[in-house]
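Q: This is the structure I want to talk about, given as structure tokens.
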Amino acid sequence: MTTWTAYGWIVTCATAAGVWAADYDPTRDPLVNPASLFESPPASADRIADEDWIIRHLRAEPASLNPILTSSGHELTVQELLFDEPVVLGPEFEWMLNPAMAEGYSEADDHLTAELRLKAGLRWQDGVPLTAEDVVFAWQMIRSEHVPAVRARAATEGVVDCRAVNPVTVRFRFREALPTNRWRIKFPILPRHVYERGLSEDPTLSRSDTHVEANRHPVGNGPYRLVDWAAGDRIVLERWADYAGPRPRFARVIFRIVPDGNTALLMFKRAELDEMMLTPQQFARDTRDDRFARVGVKGRADQATVYCIAWNMDGTNPFFGDVRVRQGMSHALNMPLILNTVYDGLFSRSRGLFPPSSWAFNGDIPLFDYDPTKAAALLDAAGWQVDSEDGWRYRNVVGPDGTQTRVKFAFTLGFAQESKTSPQLAAVFQQDLRRVGVDMKLQALEYLTLRGRVFTHEFQAVIWAWTAEPEPDDAWNLLHSAARSGGRNFVGYANPDVDALLEQGRRSFDPEVRRGIYRALAAKVYEDAPYTFLINAPSLWAFHKRIRGVHFSPMGPAGFYPGARAWWVPAGEELRGTR
Amino acid sequence: MLQARAPRLWRRFRRRRLGMLSLAGLVLLAAVAVLRPVLASRLPIVCRYEGRLYFPGLVGVLRSVPFASAVVEESRPFSLPSFDVEKAVADSSFAVRALIPYDPLDYSSEVRARPSRQHWLGTDDLGRDVAARLVHGTAVSLKVGLGAMALAGLVGIVLGAWAGYAGGIVDVVVSRLIELVMCFPVFFLILAVMVWVEEPGVTHVVFVIGLTAWTPIARLMRAEMLRLRGSEFAVAARALGAGPVRVLVRHLLPNAMAPVAVTITFGVGHAILIEAGLSWLGFGVPPPAPSWGVMLRSAYDQIQSAPFLVYPPCVAIFVTVLMVNWLGEAVRDAADPRGESENLVPG
Amino acid sequence: MVRYVAKRLLLAGVTLVGITIVTFAVTRLAPGDPALEAVSRGGASTMSAEAYARLRTYYDLDQPLSRQYAAWLGRVVRLDFGRSFHDGRRVTDKVGERLPATLCLAGGAVVLSLAFAIPIGLASARRAGGVFDTVAGGVLAALHSVPRYVMAMLLIVVVGVHLDWFSPYGLRSDSFEDMSYPGKAADLVRHFALIVFCFAYPLIAYQARFIRGNLLEVLGQDYIRTARAKGLSERAVLHRHAFRNTLLPLITVVGLLVPSALGGSVILETMFQWPGIGQLLFQAMTQRDYPVVMALTVVAAVVVLLCTLLADLTYALADPRVRYA
């Protein structure tokens, strides 16, 4: 059959490309981080292609493009090109004013009020002037109980008042004098004249036909405007000619919605996508053929994403309340092997709470080494003894009514089934724990279900990840005992020392003092192991080779200012477009 | 006359070479599934360790046989979770290893190794032996195929026979039920249940497939009953004073079984395909269980760098389903030489 | 005849209601809380208890199941399937914009499969047991045992990506609007070919076998013998007399294939990036978007019921005996 012949041919090609080389060293791969990828644009505009299109990858279809309602990464990817915000995240995760929109920010001496000044003459894409009233309206909507603006509401916590002093000035009042207050006014804005319509009949901004239409075809103020959204297929943006900031470099930005990463890479190789995020396996192995080399290059940089295993300590299980058990688990995990096989040698081991890109990072924390003997000793010390009959560990647990029951050390590890690496990691960990006599069951859950379980504390252990906020005070929400309900302290962690450090850290105005506090906090938390910190995920991306001007922030190549707006193509290398 | 049916069917069936070949192949497959602890396992089949003779592999086989598990004594220390089998085998004076001396779940640092003498079909992304996983996957697929169709057969035969024999209101209700399930977008339902089940496993797959696949069987059974209940021998049996249940079970059912058997056979192949499809979407037997569908999906994700991983599950699914279909056709031809084609269900 | 049609319609209605009850029960009894998901989209659970309660009220989730179902049915009768839990859009809009892609696919697959199945079936029947019959039967049976997703996988990787003969992904190219008319047509063919083939090939085997079997049965009947006795050529007998009689059952069979085609669309559409209802269904299920799942089930069931109904009615028209069966 012809299929077989063709198939044999692929195998041969793949072999010739040396795909099975045992280990991969990204520093010796000529396609990784070529200088051209990071090249800054030339001074003269006619050396920059003006009519090219870029086709970007979206992992899922946005539910809405209303910037205060959205939350997922793929929604932000589209939205940041449609909407400008006065305060933005800079290239290195710093707080900065958007030069196209804002002119100044000043805080009063008591740090309780602040003023934000907008540029004069700003407009929405439909021509209506953009004023301080739009900022105030957005704040009101974010704080409204009716609007499901979950993420934005959490971000503006601590701002108690927001009003327009004049058309270009907004005044904020804060609840407390904190060094982190200026981060609290970083929120998206909304066109008031669009959303005010029908507000009385639909205060949620998400359920009337008017509002749904506004969320789907938004009136923005950013460099691009939406021209087409074909459900499940693609979203097409076009350059907004009247944009006040720097001229957008691509005539069109097309987002293709491709949920499957394998499919996306095949599309990339067919030049149907110009950029995409890669999995470690794709970065190290699937991109080493000629097909890829003909169209693409790869970018790799540190990123602020922390992977860990979260242990539920809220008392619903007899295992993880004991610090020795958590430490034992950390020692039992064969991290060297995992880094090599699951992550293809591309990821670095996490040193706790803060990623290396953070100013609060502590690189001196001693890591848990892979040592099954030590793990067994710690479990023994915690009272979990190996049963000589069946080889698993057991302990007598005293129930609330005083009765003793013999409990087997058997628990369930949940993980997101959409993830490519978590199931692999879980499978390795399962065998590791078996060797020390702990019976771990695996439960692959869809991400939504998993998140629901975590939020409602219905789990024993999960593989979990988050992207660290630029401000380390974010850890308060994660670890403070008061954040066990309402916050993100899903594991039910309570440690008075940690609480004290978190309180000190959020109140000091001296950066050096804060750095010392957060370094101590990171060391304390690593040792106490409410989470077993696994790895810091790097940004792994593929770009079409004609694309220049990429910069990797701690969040990846987009999602900050200027991010994707800075990408450009040299004149003469255009691939798409009509003229 | 009734008793003569089965041997006659068998005599006619035996003449079909393809059918016999498929039957032999499927029996072999079933043997692989049952014997998987001695075919692919880290544990040795027989081993003399510290002066004693152990049979860890054989114990594994016996444990999967119902009732035998009570008789078998655990082969400690080999059954202990933390026992180092490799070291024990190296220390032992005498050991017979399994044909494929790997467990389907044991990872190693040798990832995506190409087929070699050590790993016949190579290793996957976690360094697990593909041959071992394939052998253990056989059990999953057969369990799903046979289990689901046994359930479907039971439901279909009981409901169909009841409706056809009793007639009246029972017939109306059952016929409506059949139509309802037949018009149902069945894959939607299966998917819905699997997506929303708390901890999906083989049993769930068996049940959802079984409870949706019974309609063609019931329809056939009902038609056969309608045809047979007025036949001479049924009337004769009734005249001799046999009760309705006796007439049904002793006289009518055996005569209606042949076409039903054909449908059930084809259904086995279909059920195997559905399981693999569910696993493909990520909602079948959950990983790391070595199901063929799970292996296929993970191989597809690596097709750009390790295409050799695709062959084993592909071939396993294809050959199994093909054999089942051939078997079904042979049974049909043997049962009804005229040929009736209503049983081939599109996958 | 009118009475027969009325009776059939009534029965179809009963079946439809039964289907919706089953789906409703499955969706609502499943774990997971859409209100909680709507609240927690975004990574923090900071919504107050009142807001959560309000959301549950909005989604009718605080009502008993029977009341929820009654309310839903009441709206559906007025063709209002509610709003998606996921993005607040009208479900009719969401389903409507996706339906054409899947219908094109199903239609294309049926046409393509018949185009192959009819000649193969005729040729096989003409010399039953001959070389062609045996070979075609064997090949088709083998094809029939290849799961659709395996075939799709091979076609995408080999024919789509490596040989680059077809475009395996999506409906059209990004520059579609700027193409000339022949260019547009070529672009559509390049995008349709692989997925339509994947849909069609198992149907070919099934239909060809069906046609062959039916023809053989018909060929044994009296009127064929009469036709032959009249001196008609074997070809004329087969095409003009015998085949005409297998057309009706063939329509029924095609109608019955629709549910399996819809099921298959879930996997194939996700593999081929096809923005049809299979993809939507898969998304809606993982997002627990009950209104969308319900609407899609109803749509699928209606399509199937219509197909079987039409088949039955044509049958009844052609053969009066059926009406009294």
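The values are calculated or read from the model by the stated rules, or taken from the named source; none is laboratory data. For clarity, every value in this text was computed on a predicted model and none was experimentally measured. Methodologically, a virtual Cβ is constructed for each residue, glycine included, from the backbone with ideal geometry; neighbour enumeration extends over all protein chains shown.
Q: Just to be sure I understand, how many residues within the range B:281-297 are surrounded by fewer than 24 Cβ atoms within 10 Å (Cβ to Cβ), more than 7 Å from chain A (Cβ to nearest Cβ) and in contact (Cβ under 8 Å) with a residue 60 or more places away in the chain?
A: The number of residues fulfilling the criteria is 2.
Q: If you don't mind, another one. So which of B:Val65, B:Val96 is surrounded by fewer than 17 Cβ atoms within 10 Å (Cβ to Cβ), modelled with pLDDT of 80 or more and under 30 Å from the mean Cα position of the chain (by Cα)?
A: Within the list B:Val65, B:Val96, the selection yields B:Val96.
Q: So A:Phe283 passes all but one of these: (1) within 14 Å of chain C (Cβ to nearest Cβ); (2) outside any loop (DSSP other than H, G, I, E, B); (3) out of contact with any Ser or Thr (no Cβ under 8 Å at 6 or more places or on another chain). Which condition number does it fail?
A: (1) is the only condition that A:Phe283 fails.
Q: Based on what the data block shows, is C:Leu215 within 14 Å of another protein chain (Cβ to nearest Cβ), at pLDDT 80 or above, part of a helix (DSSP H, G or I) and closer than 29 Å to C:Tyr315 by Cβ?
A: Yes, satisfied.
Q: Sticking with this structure for a sec: So how many residues does the range A:261-287 have that are in contact with a Leu (Cβ under 6 Å, 6 or more places away or on another chain) and under 12 Å from C:Pro168 (Cβ atoms)?
A: 1
Q: Scan the range A:484-504 for residues that are over 21 Å from the mean Cα position of the chain (by Cα), within 14 Å of chain C (Cβ to nearest Cβ) and of a type in the set (A, V, I, L, M, F, W, C) and report the count.
A: 0
Q: From the list B:Met149, B:Met182, B:Met194, exactly one residue is of a type in the set (A, V, I, L, M, F, W, C), touching a Phe, Trp or Tyr at 6+ places or on another chain (Cβ under 7 Å) and in the same structural domain as B:Val262 (by TED's automatic domain parsing). Which is it?
A: Every option except B:Met194 fails the conditions.
Q: May I pose another question? List the helices (runs of 4 or more DSSP H) inside the range A:133-240, counting only whole elements, that have at least 3 residues being within 17 Å of A:Thr70 (Cα to Cα) and of a type outside the set (Gly, Ala, Ser).
A: A:150-155, A:209-216
Q: Could you check, for the range A:427-447, whether at least one of its residues is touching a residue at least 24 places away in the same chain (Cβ under 8 Å), under 19 Å from A:Trp311 (Cβ atoms), part of a loop (DSSP other than H, G, I, E, B) and away from chain B (no Cβ under 11 Å)?
A: no
Q: So, restricting to helices (runs of 4 or more DSSP H) that lie completely within the range A:287-356, which ones have at least 1 residues that are among the β-branched types (Val, Ile, Thr), out of contact with any His (no Cβ under 8 Å at 6 or more places or on another chain) and under 30 Å from B:Gln304 (Cβ atoms)?
A: Once the helices (runs of 4 or more DSSP H) in the range A:287-356 are filtered for at least 1 residues that are among the β-branched types (Val, Ile, Thr), out of contact with any His (no Cβ under 8 Å at 6 or more places or on another chain) and under 30 Å from B:Gln304 (Cβ atoms), what remains is A:335-341.
The rows are residues; the columns are (1) closer than 30 Å to A:Leu478 by Cα; (2) at pLDDT below 85; (3) surrounded by fewer than 17 Cβ atoms within 10 Å (Cβ to Cβ).
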| residue | (1), (2), (3) |
| --- | --- |
| C:Ala51 | yes, yes, no |
| C:Asp62 | no, yes, yes |
| C:Trp72 | no, no, no |
| C:Arg75 | no, no, yes |
| C:Arg78 | no, no, yes |
| C:Ala106 | no, no, no |
| C:Gly121 | no, no, no |
| C:Arg127 | no, yes, yes |
| C:Val139 | no, no, yes |
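Q: Here are the criteria: (1) in contact with a helix residue (DSSP H, G or I) (Cβ under 6 Å, 6 or more places away or on another chain); (2) β-branched (Val, Ile, Thr); (3) in contact (Cβ under 8 Å) with a residue 40 or more places away in the chain; (4) assigned by TED's automatic domain parsing to the domain that holds A:Ala102. Tell me which single one A:Val165 does not satisfy.
A: Of (1) in contact with a helix residue (DSSP H, G or I) (Cβ under 6 Å, 6 or more places away or on another chain); (2) β-branched (Val, Ile, Thr); (3) in contact (Cβ under 8 Å) with a residue 40 or more places away in the chain; (4) assigned by TED's automatic domain parsing to the domain that holds A:Ala102, only one is false for A:Val165: (1).
Q: State whether one or more residues within the range B:162-169 are modelled with pLDDT of 90 or more, surrounded by 20 or more Cβ atoms within 10 Å (Cβ to Cβ) and either of a type outside the set (Gly, Ala, Ser) or under 29 Å from B:Val245 (Cβ atoms) (or both).
A: For the range B:162-169, residues modelled with pLDDT of 90 or more, surrounded by 20 or more Cβ atoms within 10 Å (Cβ to Cβ) and either of a type outside the set (Gly, Ala, Ser) or under 29 Å from B:Val245 (Cβ atoms) (or both): present.
Q: Filter the range B:144-193 down to the residues that are closer than 25 Å to C:Gly263 by Cα and more than 25 Å from the chain's Cα centre (by Cα) and list them by number.
A: B:Val174, B:Ser175, B:Arg176, B:Leu177, B:Glu179, B:Leu180, B:Cys183, listed by residue number.
Q: While we're on this one: Among the residues of the range A:106-115, are any out of contact with any helix residue (DSSP H, G or I) (no Cβ under 9 Å at 6 or more places or on another chain) and crowded, with 18+ Cβ neighbours inside 10 Å?
A: No, because not a single residue in the range A:106-115 is out of contact with any helix residue (DSSP H, G or I) (no Cβ under 9 Å at 6 or more places or on another chain) and crowded, with 18+ Cβ neighbours inside 10 Å.
Q: Identify, from the list C:Val299, C:Val266, C:Val293, the residue that is surrounded by 18 or more Cβ atoms within 10 Å (Cβ to Cβ), within 14 Å of chain B (Cβ to nearest Cβ), among the hydrophobic types (A, V, I, L, M, F, W, C) and free of Cβ contacts under 8 Å to residues at least 60 places away in the same chain.
A: C:Val266
Q: Identify the residue in the range A:385-412 that is under 37 Å from the mean Cα position of the chain (by Cα) and not charged (D, E, K, R) and, among all such residues, is farthest from B:Ser82 (Cα to Cα).
A: Once the filter is applied, the top-ranked residue is A:Thr412.
Q: If only one of B:Leu191, B:Leu226 is within 13 Å of chain C (Cβ to nearest Cβ), at pLDDT below 80 and over 16 Å from B:Leu154 (Cβ atoms), which one is it?
A: Matching residue, one of B:Leu191, B:Leu226: B:Leu191.
Q: Sticking with this structure for a sec: Inside the range B:298-327, can you point out the residues that are more than 10 Å from chain A (Cβ to nearest Cβ) and either buried (at least 24 other Cβ atoms within 10 Å of the Cβ) or basic (Lys, Arg) (or both)?
A: Scanning the range B:298-327 gives B:Leu309, B:Pro313, B:Ile317, B:Thr320, B:Val321, B:Val324, B:Asn325, B:Trp326, B:Leu327.
Q: Select, from C:Ser167, C:Ser180, C:Ser175, the only residue that is at the interface with another protein chain (Cβ under 10 Å from one of its Cβ atoms), out of contact with any helix residue (DSSP H, G or I) (no Cβ under 6 Å at 6 or more places or on another chain) and among the polar types (S, T, N, Q).
A: C:Ser175
Q: So A:Glu471 clears everything in (1) in a helix (DSSP H, G or I); (2) touching a Ser or Thr at 6+ places or on another chain (Cβ under 6 Å); (3) not basic (Lys, Arg) except one condition, right? Which one?
A: That leaves (1) as the condition not met.
Q: Of these, C:Phe192, C:Phe210, C:Phe197, which one is farther than 23 Å from C:Leu103 by Cα, hydrophobic (A, V, I, L, M, F, W, C) and crowded, with 18+ Cβ neighbours inside 10 Å?
A: C:Phe210
Q: Tally up the residues in the range A:212-233 that are touching a Phe, Trp or Tyr at 6+ places or on another chain (Cβ under 7 Å), buried (at least 22 other Cβ atoms within 10 Å of the Cβ) and at the interface with chain C (Cβ under 10 Å from one of its Cβ atoms), please.
A: 0
Q: I need the full set of residues from the range A:386-426 which are charged (D, E, K, R), at the interface with chain B (Cβ under 9 Å from one of its Cβ atoms) and either closer than 18 Å to A:Ile338 by Cα or in a strand (DSSP E or B) (or both), in order please.
A: A:Lys420
Q: Any chance you could count how many residues in the range B:82-136 are of a type in the set (A, V, I, L, M, F, W, C) and either part of a loop (DSSP other than H, G, I, E, B) or touching a residue at least 60 places away in the same chain (Cβ under 8 Å) (or both)?
A: Selection size over the range B:82-136: 15.
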